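S.K.: Please read through the structure below; I'll follow up with questions.
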Amino acid sequence: MKASELLVKCLENEGVEYIFGLPGEENIDVMDALIDSPIEFVTTKHEQGAAFMADVYGRLTGRAGVCMSTLGPGATNLVTGIADANMDRAPVVAIAGQGATTRLHKESHQILDLVNLFEPITKYSTQVLEPEIVPEIVRKAFKTAENEKPGCSFIDFPENVAAMEVGELKPLKKQSATEPVAPRGKCTSAARYIQQASTPVIMVGNGVIRSKAAREVVKFAEKLNIPVATTFMAKGVIPSSHRLSLGAIGLKSKDLVSFGFEIADLIICIGVDMVEYHPQLWNPNGDKKILHIDHRPAEVDQNYILESGVIGDIDDSLKRIARKMETKPDTKIHQLVDVIKQEWAEHKDDTAYPIKPQKILWDLRQLLDAEDIVISDVGAHKMWIGRMYQAEAPNTCIISNGFAAMGIALPGAIAAKLAYPDRKAVAVCGDGGFMMNNQEIDTALRLGLDIVILIFNDSKYGLIEWHQLRHFERATKIEFTNPDFVKLADAFGAKGYRVNSAEDFIPVMQEALLDGTVSIVDCPVDYAENMKLTGKLKSLKSPI
Ligand SMILES: Cc1ncc(C[n+]2csc(CCOP(=O)(O)OP(=O)(O)O)c2C)c(N)n1
Ligand SMILES: [Mg+2]
């Protein structure tokens, strides 16, 4: 057996279904070994697309998504997607071919020190220097990527090592550690802090989704009667329609939910990770009492000083804390729930065109089932989705808010459809982000996937215009020209639609969702709403 065949056996042993990537000269041995494997290699049009697919696959399944490239330029093309996965805490294993070990010591065609390149954007970055160590390296890569907090592993596989004979080595047994539980004293003191608090609020982060503790969070909130706000990356942990849901927190400016945090005398942070949302934004004076319930100790931050931390399996901690607790009375924060929900519905009957982002998202919600998946790209549309899209279940609204890289949504929708073939997958993109990875339409078509790409069309880098206007009251260099998206769809062999009025949106989307192929919906959006929101939030008076 060759080392490349052993690598593939090790990947099979890890339960890998798909490898997203691009073949190259230096990974031909692995590509050849894959012919005899049940693992499906998904050929993408760009390595960045492959990395984003692995990223979203990992985030949705909790099992490492795998992507592969060749050396040099193939590997550098992986970088953005890998950095995104690593910072969004999505488990990914990236493998790159490399030149032979006989030429790594000198200047040589396409040779780059990949282990060092990937070091700051992974949890583990290594090179296979001997064929015998393949089983250990693969096992370690998956274990490291999948363990809390998840992230990326990178394996550099030189071509001469890949071709070497290894004899009959076997993959290592898959083992995963059981999360330790929190000490009893910590649960008791957490219960005491909550008991003493008169106006507590819960803030939930993506750690809850990763550890599949959403149901327990809802039970905990219900038993204690405490309202819950989620980060953008934790949308759906508590259904938006729930009587205790305050929606999501994530804007840089003050928002309705901020009034709840302002008056709260205890903020119970569950699975919260500050890469998702900076604590300075909800605790500007650093004086809030914070209870941190998570798998891992909190990051050090002057705006995140803890009253107490409960470190251990989240599900278990919540059960044990709740057991000691009585239901608490309603507080003023409860009154925010209705105010926030009224705002989601404010523009549902608006017929203005271009369409208001609020109206698009309201209508989109009506068209999708609770388990269908929306993947947001990065831009102004993400802010609206984060703030207003009503997610009803965890992992049904994927937002990148750690690294926040444009271009994730279309490859992400491909991964979502592969992970959950029975659910609908809608990539909601800005026109800028869509154009960064639109070539993956071909990948989706080749795979025979039905996905809908909904483009918020403003012919601008809308979010940047919004920032510029907020800071300087004028904007620069944010405009661009789009291709005709309907013709672009046609050129790929996909379906293309243009929304010509607000009333058009639902029927067009209904058709697109039923097409059974890749459909692109070009939807002109009215981003005048961005600055209107800024103005509104600036002069917001507390409704409670
Ligand atoms: C890869 C990448 N480049 C640049 C940025 C900075 N950035 C964030 S949003 C944005 C503009 C997004 O424009 P578009 O995709 O059209 O979405 P819109 O804001 O118009 O909804 C930019 C340039 C980023 N997050 N990621
Ligand atoms: Mg745009």
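S.K.: Give segment 400-431 a look and list any residue that's assigned to a helix (DSSP H, G or I), within 11 Å of ligand 1 (Cβ to nearest atom) and within 18 Å of V79 (Cα to Cα), or say none. Lay out the reasoning, then the answer.
M.R.: Narrowing segment 400-431 to residues assigned to a helix (DSSP H, G or I): 409-419, 431.
Add one more test, that the residue is within 11 Å of ligand 1 (Cβ to nearest atom), and what stays is 409, 431.
Across segment 400-431, the qualifying residue is only A409.
S.K.: Now, a different point. If you scan segment 346-375, which residues turn out to be among the aromatic types (F, W, Y) and either closer than 19 Å to M233 by Cα or not in a helix (DSSP H, G or I) (or both)?
M.R.: Selection gives Y353 alone.
S.K.: Would you mind stating whether F157 is out of contact with any Leu (no Cβ under 6 Å at 6 or more places or on another chain), open to solvent by less than 40 Å² (accessible area, probe 1.4 Å) and either more than 21 Å from R89 (Cα to Cα) or acidic (D, E) (or both)?
M.R.: Answer is yes for this residue.
S.K.: Still on this structure: Looking at segment 310-366 only, could you name the residues that are open to solvent by 40 Å² or more (accessible area, probe 1.4 Å), over 30 Å from D504 (Cα atoms) and in contact with a Leu (Cβ under 7 Å, 6 or more places away or on another chain)?
M.R.: T327
S.K.: Select from segment 28-54 the residues that are more than 29 Å from the chain's Cα centre (by Cα) and not hydrophobic (A, V, I, L, M, F, W, C) and write down the one among them that is most open to solvent (accessible area, probe 1.4 Å).
M.R.: D36
S.K.: Another question about this same structure. Only residues that are out of contact with any strand residue (DSSP E or B) (no Cβ under 8 Å at 6 or more places or on another chain) and either in contact (Cβ under 8 Å) with a residue 40 or more places away in the chain or of a type in the set (S, T, Y) (or both): list them for segment 449-474, please. Lay out the reasoning, then the answer.
M.R.: Pass one, segment 449-474, residues out of contact with any strand residue (DSSP E or B) (no Cβ under 8 Å at 6 or more places or on another chain): 464-474.
Answer for segment 449-474, where residues must be out of contact with any strand residue (DSSP E or B) (no Cβ under 8 Å at 6 or more places or on another chain) and either in contact (Cβ under 8 Å) with a residue 40 or more places away in the chain or of a type in the set (S, T, Y) (or both): E465, W466, L469, R470.
S.K.: Okay, moving on. Could you say whether any residue in segment 475-495 is more than 13 Å from ligand 1 (Cβ to nearest atom) and touching a residue at least 60 places away in the same chain (Cβ under 8 Å)?
M.R.: No, there is no match, as no residue in segment 475-495 is more than 13 Å from ligand 1 (Cβ to nearest atom) and touching a residue at least 60 places away in the same chain (Cβ under 8 Å).
S.K.: Within the set of pairs 6+ apart or on separate chains, which have a first residue in segment 4-23 that is closer than 20 Å to A51 by Cβ, a second that is open to solvent by less than 60 Å² (accessible area, probe 1.4 Å) and among the acidic types (D, E), and C-beta atoms under 6 Å apart?
M.R.: Note: pairs meeting the criteria are L22/E47.
S.K.: Next question, about the same structure. Name every residue in segment 1-37 that is outside any helix (DSSP H, G or I) and acidic (D, E), in order of residue number.
M.R.: Pass one, segment 1-37, residues outside any helix (DSSP H, G or I): 1-2, 14-24, 35-37.
Passing the criteria: E14, E17, D36.
S.K.: Hey, among the residues in segment 443-460 that are open to solvent by less than 40 Å² (accessible area, probe 1.4 Å) and more than 16 Å from ligand 2 (Cβ to nearest atom), which one's nearest to I385 (Cα to Cα)?
M.R.: V452
S.K.: Just give me the residues in segment 198-213 being under 19 Å from R320 (Cα atoms) and open to solvent by less than 10 Å² (accessible area, probe 1.4 Å), in sequence order.
M.R.: Within segment 198-213, P200, V201, I202, M203, V204, G207, V208, A213 meet the criteria.
The values are calculated or read from the model by the stated rules, or taken from the named source; none is laboratory data. Since the structure is predicted, the reported quantities are computational estimates derived from the model, not experimental observations. Neighbour counts run over all protein chains shown; Cβ positions are idealised from the backbone, glycine included. We work out accessible area using only protein heavy atoms, side chains counted, and drop any ligands, DNA or RNA first. Shrake-Rupley method; radii C 1.70, N 1.55, O 1.52, S 1.80 Å.
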